[in-house]
1. Return Ile143, Ile8 ranked ascending by Cβ neighbour count within 10 Å, so the fewest neighbours appear first.
2. Suppose each label sits 7 Å from its Cα in the direction of the beta carbon; what would the Arg197-Asp97 distance come out to in nanometres?
3. Exposure proxy check: Trp74, Trp101 ranked by fewest other beta carbons within 10 Å?
4. Residue farthest toward the positive end of the dipole of segment 98-170, with Cβ of Lys/Arg at +1 and Asp/Glu at -1: which of Leu158, Gly108, Gly136?
5. Mind sorting Lys208, Lys64, Lys198, Lys176 by how few other Cβ atoms lie within 10 Å of their own Cβ, fewest first?
6. Give me the extension gain from Ala250 to Cys184: residue separation times 0.36 nm, minus the current Cα-Cα distance, reported in nm with one decimal.
7. For segment 175-199, list residues with backbone N below 20 Å from a point placed 7 Å from the Cα of Asp231 toward its Cβ?
8. Taking the chain, how many lysine pairs are there with alpha carbons less than 20 Å apart, if each pair must be eight or more places apart or span two chains?
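Throughout, read-outs are computed from the coordinates displayed, never taken from laboratory work. Just so we're clear, the structure is a prediction, and the values are computed from it rather than from any experiment. So basically every Cβ, Gly included, is an ideal-geometry build from the backbone, and we count neighbours across all protein chains shown.
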Amino acid sequence: MAGNIKLIVCDEAADVAKEAAALFADVIKAKPDAVIGLATGSTPEATYAELARMHKEEDLSFAKVTSFNLDEYWGLDGDHDQSYRYFMNGQLFSHVDIRTWNTHVLNGKAVNPQLECQAFEQKILSVGGLDIWLLGIGGNGHIAFNEPGSSVDSRTRLVDLTPETIAANSDGRFFKEASEVPRCALSAGIGTIREARKIVLLATGSGKAPAIAAAVEGAFTPDCPSSLLQDHPDCTFIVDREAAADLKNAG
Ligand code: PGA
């Protein structure tokens, strides 16, 4: 089942970033006060660099933009150098003219995680929902920290990370040792993500090939959380050749 997912296969990872940044720039130019969803991880770093370049060289302005991030490690505060707030500040927010008070990253040190998650959902509603949400994908098919088994209508909540995700984030790119990786995170749910009017998922490298094939051509199932995007009306996957390698119909 291919569902509605639109697939763009690029020759190189650098082209994935250019395509993704161009889609975001189009949304922001059409609606300067757009509400955008952002992701962390290695994959979107080049997209953020391209958006920062467009801000500097092409006057792309984020002055009226509001942003929401997918997730945050539970137990890390925003000053921790492995927190997603810290990542976003370093990768994007400090390079563009977005107003800090318009950037929303869940607080990993909130006193009450349930209230923190409810407030996040309320804030999304109060600004009229997301115009576009950028996603990565885990090798196990996860989106945000919605690990396999997460339901299609899940909302923002405290979740446990799987051993695969802990291992993937402790391979030296982020944390040095598995014992340093938090075991839980606050994560937007699949239902939360599916309500975005446009979804753009990025994947690069051969490690993502099985997950991309399962998400695009496999069954619609919580066993592969990204497959639960198949019936979204406006969902685009932008992948490089390596990440597309296991698709039967890569176009
Ligand atoms: P990565 O993470 O971009 O670091 O591979 C993606 C994800 O786990 O969602």
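1. On the way: Ile143 31, Ile8 17.
Ascending Cβ contact count within 10 Å gives the list Ile8, Ile143.
2. Modelled inter-label distance: 2.3 nm.
3. Numbers: Trp74 23, Trp101 7.
So the residues, fewest neighbours to most, are Trp101, Trp74.
4. Gly108
5. Details: Lys208 25, Lys64 14, Lys198 20, Lys176 11.
If I rank by nearby Cβ atoms, fewest first, I get Lys176, Lys64, Lys198, Lys208.
6. Numbers: separation 66, 0.36 × 66 = 23.76 nm, distance 3.51 nm.
Length difference between fully extended and current span is 20.2 nm.
7. Zone members listed by number: 189-199.
8. 22
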